1. May I ask you to list the residues in region 214-240 that are surrounded by 24 or more Cβ atoms within 10 Å (Cβ to Cβ) and either at positive phi or in a helix (DSSP H, G or I) (or both)?
2. Quick one: which residue in Thr104, Thr80, Thr98 is of a type outside the set (Gly, Ala, Ser) and out of contact with any strand residue (DSSP E or B) (no Cβ under 7 Å at 6 or more places or on another chain)?
3. So, in region 56-97, exactly how many residues are on the phi < 0 side of the Ramachandran plot and assigned to a strand (DSSP E or B)?
4. What residue, of Glu118, Glu113, is modelled with pLDDT of 95 or more, within 14 Å of the ligand (Cβ to nearest atom) and out of contact with any strand residue (DSSP E or B) (no Cβ under 7 Å at 6 or more places or on another chain)?
5. How many of the residues making up region 237-252 are within 17 Å of Ile219 (Cβ to Cβ), over 10 Å from the mean Cα position of the chain (by Cα) and within 9 Å of the ligand (Cβ to nearest atom)?
6. If I go through region 154-168 residue by residue, how many of them are modelled with pLDDT under 95 and not polar (S, T, N, Q)?
7. If the Cβ limit is 7 Å and pairs must be 6+ apart or interchain, which residue in region 69-97 that is among the basic types (Lys, Arg) pairs with which residue that is away from the ligand (no atom under 15 Å from the Cβ) and not in a loop (DSSP other than H, G, I, E, B)?
8. Testing Ala266 on (1) crowded, with 23+ Cβ neighbours inside 10 Å; (2) over 30 Å from Arg92 (Cα atoms), one condition comes back false. Which one is that?
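The values are calculated or read from the model by the stated rules, or taken from the named source; none is laboratory data. For clarity, every value in this text was computed on a predicted model and none was experimentally measured. Cβ: placed from backbone, ideal geometry, glycine included. Neighbour counts: every protein chain shown.
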Amino acid sequence: MKRVIVAGKFNVDIFYYLNSIEINSNNLAESSIVELGGKASNVAVALRKLGVDVVITGCVGNDFFGKFIKEKLEKFDVDTSHLKSCDGGSGRTAIIVTKDGQNTMFNYPGVNEKFSPEMIDWTLVEEGDALFIQFGIPADTIFELSSMAKRAGMMVYVDPSYPSEIPWDAFYYFDYMSPNEREIFQITGKKDIGKAVKHLLKKGVESVIVKMGEKGSKIFLEKKTIDIPAFETNVVDTTGAGDSFNAAFIYGRLRGMDDEESAKLASIAASITVSRRGTTSSFPSLDEIRSEAEKRDLKIRL
Ligand code: RIB
């Protein structure tokens, strides 16, 4: 099976489920869970659940949370030999999920921000067929890792998560970039999807996948656009839906599917994820995706 290098943020997520949030008040949660989180952890685990080999790289703190993150990743059989332990606190996110399934996050990046280019093990290039990387770690690390991966012939897939100061030169190395609507406007400064996508394509991004939640997703290539519907489901918690989408899309491409088939597969994975609580515990296995696709009468070669 193919191997994916996953770089980015490794967090602990603390979830609170409640009816609604009231600011400046003591909000009582109906339930609460603590999980492995951060886009890099999430994509790594979602890929493992699809049977893909994963090696991760980034920073966790030398604290209780860092130990928790590493142990959880190892339980999923993720290769953590390139995960660094750094002085300081690990990344963490408080996630409030209201009864409509929508979330509000409070993110502390912690030592994720310490992952400098000097910490990259260059032998990693020998280890991967694709690189998944997210924004939120230092810009020069994103630049170095993506250029290294691209030169080594890997597919480079980028989730911008929240915008940071990434030099435009780096975009030239991105094969896929998967922002949501808010992120693409923030990154490009444009107010129209068409113009924003054009901007990214001009900067060298090969394909832009705009994730639009319940409206589905759109893949923009230089000469065509592919619309992928979202699959209706009972939404319980939208957290991690984008990560689940990213992992399934990468899986599809590595299995030789084209963009459209990979995005359909990714949409099914995301629809299963939003129907469950949490992040890593909500990601589907291949069998679950298969039976969901059959139920919906979708032709996907799994
Ligand atoms: O995409 C979901 C992730 O975003 C959560 O796991 C949280 O840690 C935040 O980084």
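1. Scanning region 214-240 gives a single hit, Gly240.
2. Going through Thr104, Thr80, Thr98 in turn, just one is of a type outside the set (Gly, Ala, Ser) and out of contact with any strand residue (DSSP E or B) (no Cβ under 7 Å at 6 or more places or on another chain): Thr98.
3. Adding up the residues that qualify gives 20.
4. Answer to the selection: Glu113.
5. So the answer is 0.
6. Here the count works out to 7.
7. Correct list of pairs: Lys70/Thr80; Lys70/Leu83; Lys84/Met119.
8. (2)
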